[in-house]
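Okay, so here's the structure we're looking at.
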Amino acid sequence: MFVCYVKIGEDEMNFSELAQIFSEIEPISGRLQMTKILSELFQNLSAEEAKVVAYLLLGELDAQYIGTQFNLAEKQVLKSIARLLDLSDEQATVEFKTKGDLGALVAEYNWSTKADLSILQVYEQLIKIAHLFGVGAQELKQTALYELLLNCDSLSAKYIVRIVVGTMRLGFSDMTIIDALSQMLSGDKSLRVQIEHAYSLSADIGRVVYVAKENGIDGIRHMKITVGIPIRPAAAEREPTASAIIEKIGPCIAQPKLDGFRLQVHVKRTEHGAVDVKFFSRNLLDMSAMFPELTQAFQNLSVQTLICEGEAIVYDEQTDTYASFQETVKRRRKHDVQQTAENLPLRLILFDILYCNGQELLSEGSERRRTTLMSIFKVDRTQVVSTIEERFIKTSQELEAYFVASVSLGFEGLVVKKPNATYQPGKRNFNWIKLKRQEGQLNDTIDTVILGYYAGQGKRASFGIGAFLIGVFNPQRDHFQTVAKIGTGLKDAQWIELKQKCDAIKVIEKPKNIECVSELTPDVWVAPKIVCEVRADEITRSPVHSANKTSTHLGLALRFPRFVSYREDKSSTQATSSQELKELFDLQYQNQKNQ
């Protein structure tokens, strides 16, 4: 096996010290206290160590867009643990069922360690384990993990195991790490906006942490776009009517809103003439291998570098129509890609350009960016890749007419843009505004996160699930807050599928970053990872649900919520925020007043 340990440098931190800090963070729910601990941790690390620790804190090995996986199931990791603890596979399985957490299981034992490994030594071994492929790779991974754990103390082993099986869950997101960097550099959160902007330009939290340690705030301020590293996407605000939009921003640009995969495309021509094309999803995952026909369409462009955004959507050539999101989502697969591409051909409709031939375009206005985009792609829906059509609108009557025409053609609605608006990565503001079809009082769907489920009764008793708890994300608190229970609207097969998805990420105790009153406690808690789109009749005030709840205001809840679909293109922190929910509540109230 490849394990080879050398003496660590005097200034390097041992992984056992890091594990102790992990254990201090684990029970803390307050964001300020976590931020303080993380700030002190980063202060005491080298730039390289800090980069690695930033990934490990989030249970990752590298940037989210790279998405390195161990591909070791719990049963396989359990075999390594059984060997480590000198237990039979049966004994280890019984103990695991009791604990419900492989990390907690291994932490209860002690063994004679052979080394006190540094953070970088442990990280190197984890990377090697993840990159073992081919015949016999699973057995090699199990042996390598056993040897790594054998050279660690039990507390270190606890967190290594959790990293491997994807159950680290310390209860915060990348935004808390950004707060910690600001505190490290300035003693408070005053640098958060600048650090977050750098992260939005280069969505690699480890890279941002490294630059902050190596070059301080000056290095952060000078971070630039890099082709191949995704930019955090801009998002649109909402307004209920065409007249409200014109009143808000005046004359504007309107584009049809497609219901497909939002993709960010990165194109780079190498010095040997080859063209590298990457597609990143809305939640910054690399989906390049899934879209061979789109990759081919970018091969002959006369550009050296390019970053643009668009919607990929299944196109039916027979009827000259675009398919629903539920149909398009079938293209999100790792196997039988070519056959699926033939059965469900895609069109990529571009709506913005962010970078071209070494020139950053974010600070250019919408019209200037459009001109650049149109110099490369045309409005031609017969092409695999084309540009979205748009209209310049002066009045609310024009906007309303264009909206009605777009909906009649099967579009979701419109995205309306300020003509001179810059592109603000990672931000949601009134530079872009959504105008969508209205159903009931609530004129938009809600992207929610599944937090747990309740055991079924009657017919659903055989399914083991009869309802599920959903929430929205509060970025200020870095917590998920409950907004509804859903117990209707799913077919039998969907209930079974939902339980399978939830059981794959179930946890024994309520995650500390979920705010939920005891009356809503589900039978099974799950890690807040699964995003689903929900439609409801309206948003109401609630004394029970925690979304937007304060000491002076009741929370918000969804009335008659219905499951629409899973949103696998979004991460849990990209779900509807508690602030967005409040804005939708206010818009709904405006609609009621106007009726």
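As an exercise: evaluate residue 489 against (1) assigned to a helix (DSSP H, G or I); (2) touching a residue at least 12 places away in the same chain (Cβ under 8 Å) and give the number of the one condition it does not meet.
So the condition that residue 489 fails would be (1).
Is the stretch 296-303 home to any residue that is over 14 Å from residue 377 (Cβ atoms), of a type outside the set (A, V, I, L, M, F, W, C) and surrounded by 15 or more Cβ atoms within 10 Å (Cβ to Cβ)?
Within the stretch 296-303, none of the residues are over 14 Å from residue 377 (Cβ atoms), of a type outside the set (A, V, I, L, M, F, W, C) and surrounded by 15 or more Cβ atoms within 10 Å (Cβ to Cβ).
In the stretch 379-389, is there at least one residue being of a type outside the set (D, E, K, R), under 30 Å from residue 222 (Cα atoms) and in contact (Cβ under 8 Å) with a residue 60 or more places away in the chain?
Checked against the condition, which is being of a type outside the set (D, E, K, R), under 30 Å from residue 222 (Cα atoms) and in contact (Cβ under 8 Å) with a residue 60 or more places away in the chain, the stretch 379-389 yields no hits at all.
Would you check if residue 342 is out of contact with any Cys (no Cβ under 8 Å at 6 or more places or on another chain), acidic (Asp, Glu) and under 24 Å from residue 250 (Cα atoms)?
No.
Name the residues in the stretch 286-313 that are assigned to a strand (DSSP E or B), closer than 15 Å to residue 385 by Cα and of a type in the set (Val, Ile, Thr), would you?
Taking the stretch 286-313 first, the residues assigned to a strand (DSSP E or B) are 286, 305-313.
Restricting the remaining residues to those that are closer than 15 Å to residue 385 by Cα gives 306-313.
Across the stretch 286-313, the qualifying residues are 307, 313.
Do we have residue 175 as closer than 30 Å to residue 506 by Cβ, surrounded by fewer than 20 Cβ atoms within 10 Å (Cβ to Cβ) and assigned by TED's automatic domain parsing to the domain that holds residue 71 here?
yes
Among the numbered criteria (1) part of a helix (DSSP H, G or I); (2) surrounded by fewer than 24 Cβ atoms within 10 Å (Cβ to Cβ), which one does residue 167 miss?
Going through (1) part of a helix (DSSP H, G or I); (2) surrounded by fewer than 24 Cβ atoms within 10 Å (Cβ to Cβ) one by one, residue 167 breaks only (1).
Scanning the stretch 216-230 for residues that are buried (at least 17 other Cβ atoms within 10 Å of the Cβ) and in contact with a helix residue (DSSP H, G or I) (Cβ under 6 Å, 6 or more places away or on another chain), which turns out farthest from residue 434 (Cα to Cα)?
It comes out as 217.
In the stretch 72-141, which helices (runs of 4 or more DSSP H) lie fully inside it and hold 1 or more residues that are touching a residue at least 24 places away in the same chain (Cβ under 8 Å) and within 25 Å of residue 13 (Cα to Cα)? Walk me through how you get there before you give the answer.
Numbers: elements: 74-85, 89-99, 102-107, 119-130.
The qualifying helices (runs of 4 or more DSSP H) are 74-85, 102-107, 119-130.
Quick check on residue 48: is it at pLDDT 90 or above and touching a helix residue (DSSP H, G or I) at 6+ places or on another chain (Cβ under 9 Å)?
Judged against the criteria, residue 48 is a match.
One line per residue, one yes/no per condition, for (1) under 26 Å from residue 264 (Cα atoms); (2) surrounded by fewer than 19 Cβ atoms within 10 Å (Cβ to Cβ); (3) of a type in the set (A, V, I, L, M):
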site: 523; (1), (2), (3): no, yes, no
site: 528; (1), (2), (3): yes, no, no
site: 535; (1), (2), (3): no, yes, no
site: 543; (1), (2), (3): no, yes, no
site: 549; (1), (2), (3): no, no, no
site: 560; (1), (2), (3): no, yes, no
site: 580; (1), (2), (3): yes, no, no
site: 584; (1), (2), (3): no, no, yes
site: 588; (1), (2), (3): no, no, no
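Here is a list: 61, 87. Which entry is at pLDDT 95 or above and either surrounded by 13 or more Cβ atoms within 10 Å (Cβ to Cβ) or within 19 Å of residue 527 (Cβ to Cβ) (or both)?
61
Sort out which residues of the stretch 148-201 are among the hydroxyl-bearing types (Ser, Thr, Tyr) and within 24 Å of residue 529 (Cα to Cα), and write them in order of number. Show your work before the answer.
As a first pass, look at the stretch 148-201 and keep what is among the hydroxyl-bearing types (Ser, Thr, Tyr): 154, 156, 159, 167, 173, 176, 182, 186, 190, 199-200.
Within the stretch 148-201, 159, 167, 173, 176, 199, 200 qualify.
Would you confirm whether or not the stretch 232-249 contains a residue that is touching a residue at least 24 places away in the same chain (Cβ under 8 Å), acidic (Asp, Glu), within 26 Å of residue 374 (Cβ to Cβ) and in contact with a helix residue (DSSP H, G or I) (Cβ under 8 Å, 6 or more places away or on another chain)?
Yes, the stretch 232-249 has at least one match.
I'd like the full set of residues that are surrounded by fewer than 21 Cβ atoms within 10 Å (Cβ to Cβ) and in a strand (DSSP E or B), limited to the stretch 314-349.
316, 321
From (1) touching a His at 6+ places or on another chain (Cβ under 9 Å); (2) under 24 Å from residue 115 (Cβ atoms), pick out the condition that doesn't hold for residue 29.
All conditions pass for residue 29, except number (2).
Checking residue 203 against (1) assigned to a helix (DSSP H, G or I); (2) in the same structural domain as residue 46 (by TED's automatic domain parsing), which test does it fail?
(1)
Can you tell me which of 480, 473 is closer than 22 Å to residue 566 by Cβ, touching a residue at least 40 places away in the same chain (Cβ under 8 Å) and in contact with a Pro (Cβ under 7 Å, 6 or more places away or on another chain)?
Sole residue among the options that is closer than 22 Å to residue 566 by Cβ, touching a residue at least 40 places away in the same chain (Cβ under 8 Å) and in contact with a Pro (Cβ under 7 Å, 6 or more places away or on another chain): 480.
Of the residues that sit in the stretch 344-369 and are without any contact (Cβ under 8 Å) to a residue 60 or more places away in the chain and more than 28 Å from the chain's Cα centre (by Cα), which one is farthest from residue 304 (Cα to Cα)?
368
Residue by residue through the stretch 64-81, note down the ones that are among the aliphatic types (A, V, I, L, M) and surrounded by fewer than 20 Cβ atoms within 10 Å (Cβ to Cβ).
Of everything in the stretch 64-81, those that are among the aliphatic types (A, V, I, L, M) and surrounded by fewer than 20 Cβ atoms within 10 Å (Cβ to Cβ) turn out to be 66, 73.
The values are calculated or read from the model by the stated rules, or taken from the named source; none is laboratory data. Quantities reported herein were computed from a predicted structural model and do not represent experimental measurements. For neighbour counting, all protein chains shown are included, and Cβ atoms are generated from backbone atoms with ideal geometry for every residue, glycine included.
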